[in-house]
Every structure is written in structure tokens, then in C-alpha cells.
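One structure below.
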Amino acid sequence: MKKILKYLGICLSVAMMGALTACDILNPVIEPEDLGLGIKVFFPTKVVTNQPMTINGSGFKDVTEIEFPNGVKVTNFELVGNDMIRVNAPAGIASDGGKIIVRTATEQAESPQLLSVGKTLVSGFSKQAGDEIQGGEQITIYGTDLEFINGVELLDADGNPVVLSDAAFYRKGTSSVVITIPKKVFEGTFTGKLFTYDGQEILLPELKYKPAAEGGHWETQLVPFWENDGSHGAVSWSGDYRFACEGFSTGEEITILSADIWSRLKSETFYLKVQSDNPQIRVTTGWWSTTWTGNDFMPGSEGLTDNGDGTFTLEINLAGDPILDVMDVQHLLFTGDRFTPVALLLPEDVWVEGGGGHMEIVKTSIWKNDGSHGAVSWSGDYRFSNESNKTGEEIYAIPDDVWEKMKGGTFYVDVQGENPQVRVTTGWWSTTWTGNDYMPGSEGLTDNGDGTWTLAVTLGDDPIMEVIDVQHLLVTGDRFTPLELYFAEEIWVGDSDAPQEELIWENDGSHGAVSWSGDYRFAADANKTGEEIYAIPDDVWAQMKAGTFYVDVEAENPQIRITTGWWSTTWTGNDYMPGSEGLTDNGDGTWTLAVTLGDDPIMEVIDVQHLLITGDRFTPKKLYFLK
């Protein structure tokens with residue numbers, strides 16, 4: 001913006017000297033129809049026959065023909081506007097790909113990027129022939145180029161073929177697809193089919209299908225993908241527990257993992273369970289060249305949990321670590337001292353019978369447009385920073401823990417517009433996530449059918465990760481207004497009348513016991529000062545003041561005080577100990593305190609002075625509502 005104002009100033013100065021044409025040259029307003037014929041981008045960039053795709057650019061109103069690599073010409077396409085074409089990829093595209101050409105009667109333009117051709121290959125399934133599978137359970141397909149699977153045929157309750165569209169699939173990249181079996185599936189043994197855009201029919205294993213039992217539910221459980229069979233003993237800075245990916249075996253490894261599991265280890269959180277009283281764990285390579293995080297993990301280390309039964313569990317996420325650059329060739333080694341590896345585990349969704357309920361997508365807002373911010377037009381308005389790196393240029397400073405969650409997982413951007421062009425970049429405009437803009441037809445951008453669109457953003461190991469802390473995160477582009485940034489998580493919701501927890505804050509294990517300390521101080525986002533452990537969104541803060549919220553603590557004999565960050569006003573004027581009304585012993589080493597602020601004097605000061613949970617002999621675990 002500063003540059004534009006600078007140029008306008010120059011333009012006005014020149015105009016005063018009579019050189020009016022200089023302003024015309026500097027005028028940044030160019031109508032789309034004046035840009036001429038050109039392709040800006042197309043999506044997807046890898047296709048198979050019949051794959052729907054979109055081409056974006058300019059001057060498309062007179063296009064009569066599209067030529068694909070190998071001279072394949074298409075005249076049957078949908079002209080969405082002067083800047084967009086929808087077309088299905090034709091048969092016969094050259095296997096080595098090439099550029100796309102659009103033509104009018106008098107001119108032509110070719111794409112700046114190359115189109116490539118995919119080929120769906122299935123390498124395996126999470127269920128094998130003869131296995132039993134129940135309605136509501138999931139089956140995972142492994143392979144390459146699985147994004148082109150667009151349907152699965154099963155049998156309905158009456159034994160008739162039914163095809164599920166790909167809208168019901170859960171995709172983990174292009175190497176795995178998860179399909180949820182309908183609850184009212186046919187009871188019996190049969191072979192399902194997978195379909196692809198280019199007409200392939202791929203058989204599923206012959207499985208024994210059963211309808212869902214009444215009252216079942218999904219649970220996320222840690223499932224072992226390797227277990228110690230007892231033939232391997234304790235490590236003592238040894239190289240015994242070395243794991244390799246198939247295709248990279250050297251004979252030095254304890255076991256070879258499938259490419260699909262290996263890929264998940266590189267991109268998802270997994271767990272190492274060890275038997276020990278006092279382990280020192282190092283996650284490194286078989287060449288001992290690169291150690292994950294550069295540190296060893298011992299009791300007290302963040303991420304290492306004492307299970308209380310003579311075992312510890314280490315949470316591992318390799319994303320962004322230098323070990324990813326070398327582990328394919330150098331393997332993955334678990335070494336150190338004073339422990340025996342028991343198992344390696346990955347989280348999986350498991351169907352558990354009994355207990356009525358259902359899975360529900362719960363949205364947790366990060367930021368919401370209050371209506372005071374308008375449409376983008378390649379502006380820098382919607383710039384977000386983390387709290388630690390705010391500069392005053394951002395529209396909103398996101399709490400550091402939420403920022404880290406955004407970097408480590410998937411978040412969503414809702415926008416309003418009929419034909420948005422969304423770019424996720426940095427506040428310096430230096431690095432664009434995926435290198436692409438997202439428009440109708442782009443994978444990851446969903447039309448909600450009500451004039452809004454949702455973009456799913458997974459930063460992963462994208463180059464933007466190296467700079468966003470300092471350069472911030474910018475949502476820009478054209479023809480839309482950002483509405484909200486949020487997380488969307490699938491949780492189990494009981495069907496009974498029992499109230500369900502709505503989490504406000506949870507201790508991640510990095511904060512310890514209170515001892516009349518000021519550690520557990522909470523502020524409303526609008527009144528944060530940097531002294532708080534967590535800034536609570538303003539709407540949630542208002543709910544806490546207006547109703548009842550709950551504090552769970554871990555303790556045998558707690559003394560709990562709810563006061564302010566200035567220690568000026570204590571809720572009810574009392575501390576809460578075993579036997580106090582409102583403090584419940586849960587019988588598992590935790591206690592729950594119900595807090596209703598009502599018209600207590602603390603209400604007059606907590607916005608400015610904040611809310612402090614202090615006392616003695618306990619560790620706060622979480623704050624939540626019961627809904």
C-alpha cells in the first residue's frame with residue numbers, strides 16, 4: 001500500500017508538469033477483458049482420462065478449442081466466464097505430459113506449467129480376504145495416485161449394488177484412502193469394487209460384512225504396527241532397534257516397514273512405548289548422523305509420559321526436523337540407555353460396540369470476522385501473526401499455542417464470494433503455500449452451496465513454514481471476504497442425556513503443580529497482557545462469566561483458590577478442599593470444581609485483573625463447560 005501511495009504521489013507530480021501520460025502508464029487498474037488470451041493456472045496438474053479440471057486465465061470468451069499433450073484436441077468444454085474453463089481430461093494424453101494450449105479463431109496461448117498423467121495402482125488394504133468388517137468401520141486402501149478413485153461399490157442391506165461417491169472418502173494424501181462402510185451394509189461375504197475416473201475397476205478383498213451393532217461408537221486408539229516379541233532386549237547405546245522402509249533394506253534393520261507406514265511416520269504423530277524405570281531415549285538414524293530434536297528424552301522431558309506401570313510412552317512427530325532428509329537411506333534407530341522398546345504405535349479410529357452416540361465435527365474458532373473488515377482485492381488486510389512475533393501490522397495476533405497447532409495440523413478458512421481466488425502467503429508476499437491460488441474446482445476448496453467456500457490448509461513441510469513466524473500469514477486474492485479461521489475436529493458425542501464436555505483449555509503437560517504460584521492465569525483475549533498462560537476467546541470468556549464452568553485438577557488433597565491475577569479478590573472468599581461443597585472427588589486421582597461466578601465481587605475486576613487458579617498440592621488439568 002505504501003508503494004501504491006508513493007507511485008500515486010509521483011503520478012500527481014508529473015501530471016502537474018503536464019506529463020499526464022505517465023499516470024496512465026502507472027495506473028494499476030486493468031480490466032480482465034483487456035489482458036488478452038492467456039492461461040494463468042490449471043488444476044489439478046496431474047490427471048487421468050475423464051478427470052474434471054479447471055483452467056484459469058483471461059480472454060477465454062472466444063476460445064473454440066483446447067489442445068492437450070500429444071495433440072489431443074477438445075471442443076466440448078464449459079466456458080464459466082472470461083477467466084475460467086471447466087473440462088474433462090480427454091483420452092490419449094501423452095504419458096510424459098506437456099503443456100495445455102487454448103485457441104481462438106485468431107490466436108493461441110499455452111500454459112506456463114506442465115500437465116502430467118497419473119496411474120492409479122493399489123498396493124494393499126488394511127483388511128485382508130476373509131476378515132470381518134462391520135458397518136461403521138473403515139477400510140484403508142494403500143497405493144499411488146489414489147486421488148483418482150471416485151467411487152466404491154458395495155451391497156446395501158437388501159443385497160443390491162450401491163455406489164458411494166468419493167465425497168464420503170477420507171484421503172490422507174495421494175497414497176491412502178479411507179472408506180467408511182455404511183452401517184446398513186449387506187450381511188454376508190462379497191467382493192466390493194473401486195472405480196477410477198479413467199474407468200478402472202479394482203476389486204476389494206472378499207470380506208465378511210456385518211451391519212453395525214446398535215449403540216456402537218468410534219474411538220481413536222493407539223494401534224501397534226510393530227511389537228517386541230520378547231526376543232530383543234534392553235538397549236545400551238546399541239544399534240539393535242533399527243527400522244527401514246521397504247526398498248531401502250540393508251539387512252541391518254530389526255524389521256522392514258511398508259512404504260505406507262513409513263510415509264505416515266514421516267508426516268504424522270506416532271508413539272514409542274518402552275519398559276523402564278528411568279529411560280534415556282534417543283531417536284536417531286542408523287548412521288547416528290542426525291538426532292530428532294537434537295535431544296535425548298528422560299523423565300520430565302516434554303513428550304515423554306510415565307504410564308505409572310513401569311512403562312513410558314514417547315510422542316514423536318518428525319515434521320520439519322532435519323532427520324527427514326536422511327532417514328530413508330540411513331533408517332530410523334531407537335537407542336539410548338536403561339530401557340527396552342515394547343511397541344511402535346499409530347493412532348487409528350476404531351469402532352467400539354456399545355454406548356449410544358455418534359461422531360460429530362466440532363468447530364473451534366481461531367478468528368472470526370466481526371463485519372468490520374471487507375473484501376480482499378490483492379490487499380494485505382487479512383494478515384495474522386503469532387503473539388510472540390506481532391508487529392502491529394496484523395489483523396489479529398494468534399496465541400502461540402494455537403499458532404503451533406495451525407502449523408502442525410489442518411486448519412480451515414471460510415470465505416464469502418461467488419468465484420473466489422484465494423492465496424495463502426506471507427505478510428511479505430515472499431512465499432505462497434503450495435505455490436498455487438485456489439479457485440472453484442481446486443482440490444481442497446469446497447463450495448458450501450450458500451455463497452461461502454471452505455479452504456482446508458495443511459502447511460506440513462511447505463517452504464512457507466520456514467518464514468511464517470517472522471513474516472506472518474496472509475490470506476489474500478480476489479473476489480471474496482474472509483469470514484473465519486478455525487479447526488474442525490471429529491469427536492464422539494453420546495446420544496444419552498448425559499452432558500458432554502466443551503473444552504476451554506487443557507494442560508499439555510508442560511505446566512506443573514501450583515504451590516501458591518501465579519502460573520495458571522487466564523485472560524480474555526481482548527485484555528491479554530502476556531502474563532497469562534492462555535488468552536481465552538472473548539465469546540468463551542463471556543460464557544464463563546455468565547454461566548458455570550468446571551476446573552479439573554490432579555491431586556490427592558488439593559487446596560484450590562479461584563482469585564485474580566492481582567490476588568485482590570477471591571471467588572466466594574474461600575479456598576476449596578476435600579469436603580468443600582462444589583468440589584467433587586472423581587475417584588481416579590482427579591477432582592472437579594464447579595465455578596459459577598454469578599454476582600460475586602470478582603466479576604467487577606476479572607476482565608482487567610484476569611482469572612487465576614492457585615493454591616497448593618494440585619496440578620490444573622483442564623477448564624471446560626458441560627453442554
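General observations
- For segment 121-212: rounded, prolate or oblate by the Cα gyration tensor [a/c cutoff 1.5]: prolate
- Here the calculated FRET efficiency for Ser236 and Ser289, from their Cβ-Cβ distance with R0 = 25 Å, stands at 0.80, rounded to the nearest 0.05.
- Taking 18 Å as the cut-off, the amide N atoms of segment 583-627 that come nearer than this to a point 7 Å along the Cα-to-beta-carbon line of Ala546 belong to 595-600, 603-604, 606-607, 624-627.
- Protection proxy ranking, highest mean first, for peptides 540-550, 271-281: 271-281, 540-550, where packing is the per-residue count of other beta-carbon atoms within 10 Å, averaged.
- Taking only the C-alpha atoms of segment 407-478, the Rg (one decimal) and the largest Cα-Cα distance, Dmax (whole number), read 12.1, 36 Å.
- Based on Cα contacts under 8 Å between residues 6+ apart, segment 75-194 shows a relative contact order of 19 percent.
- Structural descriptor for segment 522-627: relative contact order 38 percent, calculated from alpha carbon pairs under 8 angstrom and at least 6 residues apart.
- Positive-end residue, the chain charge dipole about Cα centroid, Cβ charges, pick of Gln471, Ile536, Gly547: Gln471
- The slack in the chain from Thr106 to Asn50, taken as 0.36 nm per residue of separation less the alpha-carbon distance, amounts to 17.3 nm.
- Net length gained if the chain between Asn317 and Asp585 were fully extended (0.36 nm per residue, minus Cα distance): 93.0 nm
- Based on DSSP H segments of at least four residues, each scored -39500 (n - 2.57), the chain has a per-residue ellipticity at 222 nm of -2500 deg cm²/dmol.
- Two-site FRET efficiency, Ala488 against Ala513, from Cβ-Cβ distance with R₀ of 45 Å, rounded to 0.05: 0.85
- Semi-axes of the equivalent ellipsoid for segment 32-117, Cα gyration tensor, largest first, Å: 20, 12, 12
- Total charge dipole magnitude, segment 127-211, about the Cα centre, Cβ charges on Lys, Arg, Asp, Glu only, Debye to nearest 20: 280 debye
- Charge dipole of segment 56-118 (Cα centre as origin; +1 on each Lys and Arg Cβ, -1 on each Asp and Glu Cβ, all else neutral): 80 debye, rounded to the nearest 20.
- Estimated FRET transfer efficiency when R0 is 35 angstrom, pair Asp277-Ile256 (beta carbons, to 0.05): 0.65
- In order along segment 334-344, phi translates into HN-Hα couplings of 10, 9, x, 8, 6, 7, 10, x, 9, 6, 10 Hz, rounded to whole numbers, per the Karplus curve 6.51 cos²θ - 1.76 cosθ + 1.60 with θ = phi - 60° and x for Gly and Pro.
- In terms of other Cβ atoms within 10 Å, Arg338, Arg103 run from fewest to most in the order Arg338, Arg103.
- The alpha carbons of the chain give a radius of gyration and a Dmax of 28.7, 90 Å, in that order.
- Label-point separation in nm, Ala91 to Lys363, each point 7 Å along Cα→Cβ: 4.4 nm
- Summed side-chain charge close to Gly579 - residues other than Gly579 whose Cβ falls under 15 Å, Lys, Arg +1, Asp, Glu -1: -3
- Prolate/oblate/rounded label for segment 360-491 (Cα gyration tensor, a/c 1.5): rounded
- Prolate/oblate/rounded label for segment 501-626 (Cα gyration tensor, a/c 1.5): rounded
- A simple spin-label model places pseudo-atoms 7 Å from Cα toward Cβ; at Asn82 and Asn160 they are separated by 4.9 nm.
- Tyr520, Tyr412 arranged by Cβ crowding within 10 Å, fewest neighbours leading: Tyr412, Tyr520
- Relative contact order (percent, whole number), the chain, Cα cutoff 8 Å, 6+ residue spacing: 9 percent
- As a proxy for reagent exposure, ranking Met439, Met327 by other Cβ atoms within 10 Å from fewest up yields Met439, Met327.
- Nearest-20 debye value, the chain charge dipole, Cβ charges on Lys, Arg, Asp, Glu: 1600 debye
- Selected from Asn317, Ile261, Gln330, residue furthest toward positive end of dipole (segment 238-350; charges at beta carbon): Gln330
- Local electrostatic count, Phe625, Cβ distance below 14 Å [Lys/Arg +1, Asp/Glu -1]: -2
Readers should treat all values here as calculations from the given coordinates under stated rules, not as data from a laboratory. Values in this document were obtained by computation on a predicted structure and should not be read as measured data. When we count neighbours, we look across all protein chains shown, and the Cβ atoms used for this are built from the backbone with ideal geometry, even at glycine.
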